[in-house]
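J.: Sharing a structure with you now.
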Amino acid sequence: MRPASASAAFPFPSVGPRRHDPAAVAAVAQALTPLQADGLRLLVKPEERRRLSRDAYDYSPVLTPKLAAAEAELVACPVTVEQVEAVAAACAQRRVPITMRGAGTGNYGQAVPLQGGVLLAMTGLRTLRSATGDRFTAEAGCRLVVIDEALAPHGVEQRLLPSTYRTATIGGFVAGGSGGSAPWVGASFGIPATCWGWRLSPWSPSPAAIN
Ligand SMILES: Cc1cc2nc3c(=O)[nH]c(=O)nc-3n(C[C@H](O)[C@H](O)[C@H](O)COP(=O)(O)OP(=O)(O)OC[C@H]3O[C@@H](n4cnc5c(N)ncnc54)[C@H](O)[C@@H]3O)c2cc1C
């Protein structure tokens, strides 16, 4: 039997409702303000928030009307791992949701802040820290093309790449690529594990990292 509408066939959660106190976002911004001296950018202008609150979901006629209203109340653009942890802690302390964003090329609305809150835009953490013949270490906002260019002189390349690899980030591909994180830990496509380790910053009231 055919479903009555495209929406019925695709029960993606609609935008909202916000569960956090809007004043809590202002408190997060205030707590993070001193970090601006070290390069953290906090974007509050409506046009900046609107632009960064969408990804490539507009490929989908189903998602486009459903996600159009989603908008972060604050966009944080860190340049260090410590700033990522500080944003995570400030939000967790005040129960404000965080949505992660890489290059925003995901086409299912994965980087859209459905319930507002803070958008954590990761392209400022873009350093490829090392690349040798058999492994690389990169910050989450590093573009995949940068990694491949550094591996090329060693005669190797990444096992998996999206067609958006010139724009897309390693963090966005691991978290949101077509296979998600599964291929990176060897649980998909029958290939050996690709990832040797991650550093995770949990949504936790005290700044912390899990290695
Ligand atoms: C034309 C086109 C072709 C595409 N082709 C492919 C393809 O061949 N294969 C494929 O897999 N995908 C493809 N995609 C989807 C997308 O481009 C890729 O999955 C890409 O790797 C996403 O990377 P991004 O940096 O843009 O991530 P984003 O779109 O910014 O984010 C993707 C997801 O990852 C999360 N995220 C981002 N950064 C982090 C982080 N640091 N920590 C935790 N979570 C994070 C976001 O919250 C979101 O859920 C295509 C998209 C388009 C528009």
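J.: Under 5 Å between amide H atoms, partner at least 5 residues away or on a different chain: which partners does Glu71 have, H built in plane at 1.01 Å?
T.: Gly116
J.: If you don't mind, another one. Pop the C-beta distance of Ala150 and Ala23 into the FRET formula with R0 = 45 Å and round what comes out to the nearest 0.05.
T.: Efficiency, from the Cβ-Cβ distance: 0.50.
J.: What 222 nm value per residue comes from the helices of the chain, counting each DSSP H run with n ≥ 4 as -39,500 (n - 2.57) and dividing by all residues, nearest 500 deg cm²/dmol?
T.: Per the formula, -7000 deg cm²/dmol.
J.: Determine the principal axes of the Cα atoms in the chain, then give the extent along each, sorted from largest to smallest and rounded to whole angstroms.
T.: So the extents along the principal axes, rounded to whole Å, are 57, 51, 28.
J.: Please name whichever of Gln30, Ala86, Pro97 sits farthest to the positive end of the charge dipole of segment 23-121, dipole taken about the Cα centre and charges placed at Cβ: Lys and Arg +1, Asp and Glu -1.
T.: Towards the positive end, the residue furthest out is Pro97.
J.: According to the Kirkwood expression over distinct Cα-Cα pairs, how big is the hydrodynamic radius of segment 19-67, in Å?
T.: 13.3
J.: For the chain, with only Lys/Arg (+1) and Asp/Glu (-1) charged at the beta-carbon, what is the dipole magnitude about the Cα centre, in debye rounded to 20?
T.: In total the dipole reaches around 420 debye.
J.: Still on this structure, please answer the following. Please grab the % of Cα pairs in segment 128-185 that end up more than 13 Å from each other.
T.: Looking at segment 128-185, the distances longer than 13 Å represent 57 percent of pairs.
J.: Taking one equal scatterer on every alpha-carbon of segment 23-121, how large is log10 of I(q)/I(0) by Debye at q = 0.11, 0.13, 0.21 1/Å?
T.: These q points yield log10 I(q)/I(0) values of -0.31, -0.42, -1.00.
J.: Could you give the length gained on full extension between Asn211 and Glu48, defined as 0.36 nm per residue of separation minus the Cα-Cα distance, in nm?
T.: Length gained between Asn211 and Glu48: 55.4 nm.
J.: Oh, and also: So what is the relative contact order for the chain, in percent, with contacts set as C-alpha pairs under 8 Å and at least six apart?
T.: 19
J.: I'd like the antiparallel share, as a percent to the nearest 5, of DSSP beta bridges with both residues in the chain.
T.: In the chain, approximately 55 percent of DSSP beta bridges are antiparallel ones.
J.: Here is a follow-up. If you stretched the chain out fully between Glu82 and Trp198, how much longer would it get, using 0.36 nm times the residue separation minus the C-alpha to C-alpha distance?
T.: Here the segment from Glu82 to Trp198 would lengthen by 40.2 nm.
J.: Using Cα centres only, tell me the gap between segment 86-123 and segment 138-173 in whole Å.
T.: Taking the Cα centre of each part, segment 86-123 and segment 138-173 sit 22 Å apart.
J.: Would you look at the GNM of the chain, springs on alpha carbons closer than 10 Å, and say which of Leu32, Leu52, Leu200 moves the most?
T.: Leu200
Read-outs: derived from the displayed coordinates by stated rules, not from any lab. Computed from a prediction, not measured in an experiment: that's the story for all the values here. Cβ sites come from the backbone with ideal geometry, for glycine too, and all protein chains shown count toward neighbours.
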